[in-house]
Amino acid sequence: MLEELEDLFESSTIRPTFSYVHIILALYIFEKHPEGIGRYRLKENLLIGSGTARSLINKLSEIVDFIEVSGNNKRRGHVLTDKGLRFLKMLKKKIPLLEEGNTKALEEIIIQDKKLNAYICLVKNSADKLNSGIEQRDAAIKVNGSGATCLIFDGNDLKYPKSPNIQNNQVKIGYDLQKYFKLKATEHNTELDKDDVIIVGLGDTSERARLATLNSALTLIE
């Protein structure tokens, strides 16, 4: 799936400073703004500079034809093209849920500073690519997030990944939190299936938590 985006990184001079997570998140953001979104608002959402945002918009428009000027009016920003919508639809079959989490409801697994913001992501049928969750935590930290916690659905319960420090079976989360995640899946017209993975990413701002969560999720996507 991500190989379709490789052309966006080609350059005769300097390699672009955006990464896959910025491309994917940009598509989610464009979808949420069907009236159009401009470069300034995009950079604020993606936590990138103006030059990087300009480069990303140009490449999404000119190289892969995923976005276009809204109603031929640049002042209204850009919107997704039919091609961009098709790619996002395919992507959302793998990641159907990406939304801000309720830190009060997530207290069981947020053991750090309660002032942190949280985002929730559901990655379908990806448990076979998950080990202890360290790679996903590191991916969150790589984009200046505060970490990430992964949970695997075994068909009945959501459980923590196996840890080299724990010899017995995987530990499942509490009933209320199980119910919370299942409700979130339902709200996004999906449900938890065996081998699905839930990721909770943390950050000092909502935008940072979202970026951290999605970057963690991309480690489970080919």
* Inter-label distance for D65 and S163, nm, one decimal - labels placed 7 Å from Cα along Cα-to-Cβ -> 5.0
* Column: log10 I(q)/I(0), Debye, Cα scatterers of segment 96-218, q = 0.12, 0.21 Å⁻¹ -> -0.37, -1.24
* Asked: Under Stokes-Einstein, with the Kirkwood radius over Cα pairs standing in for Rh, what whole-number D in µm²/s applies to segment 2-92 at 4 °C and 1.567 mPa s?
  -> 100
* What nm value, rounded to one decimal, do you get for the distance between K179 and M1 when each label is placed 7 Å out toward the C-beta? -> 3.1
* Structure fact -> Sorted largest first, the Cα spans of segment 55-110 on the principal axes come out in Å as 48, 26, 20
* **Principal-axis tilt of helix 206-218 within the chain, Cα atoms, nearest 10 degrees** => 80
* Tell me, what is the percent relative contact order of the chain, built from C-alpha pairs under 8 Å that lie six or more residues apart? -> 22
* Structure fact -> Relative to the chain, whose Cα atoms define the longest principal axis, helix 82-94 and its Cα axis are tilted in degrees, nearest 10, by 10
* To do: Calculate one ³J(HN,Hα) per residue across segment 179-192 by plugging θ = phi - 60° into the Karplus curve 6.51 cos²θ - 1.76 cosθ + 1.60, and present them in order as whole Hz with x for glycine and proline.
  => 5, 4, 5, 5, 5, 4, 4, 4, 4, 9, 6, 9, 8, 7
* To do: Kindly flag which residue pairs out of K92/K172; K92/K194; K59/K194; K93/K142; K92/K142 have an alpha-carbon separation exceeding 28 Å in this structure.
  => K59/K194
* Asked: Which of the aspartates and glutamates could a cross-linker span from K115 if the Cα-Cα distance has to be under 19 Å and same-chain partners fewer than 8 positions apart are dropped?
  -> E99, E100, E107, D204, E207
* To do: Compare the peptides 60-66, 184-190 by average per-residue count of other Cβ atoms within 10 angstrom and give them in order, highest first.
  => 60-66, 184-190
* Structure fact -> Applying the gyration tensor rule to the Cα atoms of the chain (axes a ≥ b ≥ c; rounded if a/c under 1.5, else prolate if a/b exceeds b/c, else oblate), the class is prolate
* Just grab the label-to-label distance for R76 and E135, each label 7 Å out from Cα along the Cβ direction, in nm (one decimal). => 4.3
* Structure fact -> Relative contact order of segment 2-92 (C-alpha contacts under 8 Å, at least 6 apart) in percent is 30
* Structure fact -> Stretched fully, the stretch from D204 through T190 gains (0.36 nm per residue minus C-alpha distance, one decimal, in nm) 2.2 nm
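All of the numbers you see were taken from the coordinates with simple rules; none came from a lab. Given the structure is predicted, the values throughout are model-derived calculations rather than measurements. In this analysis, Cβ positions are derived from the backbone assuming ideal geometry, glycine residues included, and neighbour counts consider all displayed protein chains.
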